[in-house]
Amino acid sequence: MQNVSFEEVVERIVEADPRYHADAYDFLREALDYTQQHIVNDLPSEVPRHVTGQQLLQGIRDLALRQFGPMTMTVLDAWGIRRCEDFGDIVFNLVEHRFLRKRDEDRREDFQGGYDFEEVFVLPFLPSSRRQTRQNQPAPRVE
């Protein structure tokens, strides 16, 4: 059987599911490596180093802020990513195409409610006066 490169797998996925830009998959792969090195590595040794959905979300957040700073929301939005669940969809697209493996207990739902993008990626970069005003506003109504 022929080995398929990551780029070929992503090309197939994006063709079948165009919600997310190919760069989102590259970033997720980088964030997975970052998470294994900086987050899971700090925990007691576990072989192989499995990354949970919540750990990956933490790594994604940290890496995105390091790489993109105040532009994080803009970059993620351009890739089609607007909430933590989108990262779960990307992970499971890679699982379904056999690029990543999962454990029986791993679920898409592991990515639900990870964090609010605006709170994590926008508020820290606002001047304190605007941050206070935004935090005191009621959440927008979804109809």
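Overview of results
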item	result
Whole-Hz ³J(HN,Hα) from phi, Karplus 6.51 cos²θ - 1.76 cosθ + 1.60, for the stretch 56-63, glycine and proline x	5, 4, 5, x, 4, 4, 4, 5
Only Lys, Arg (+1) and Asp, Glu (-1) charged, at Cβ; the stretch 1-105 dipole about Cα centre in debye	200
Label-point separation in nm, D62 to E85, each point 7 Å along Cα→Cβ	2.7
Amide H partners (placed H, <5 Å) of H97, local residues excluded	none
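Every number in this text was worked out from the coordinates using simple rules, so none of it is lab data. The structure presented is a predicted model; accordingly, all values stated were derived computationally and were not measured. Please note: Cβ atoms are built from the backbone with ideal geometry, for glycine as well, and neighbour counts cover all protein chains shown.
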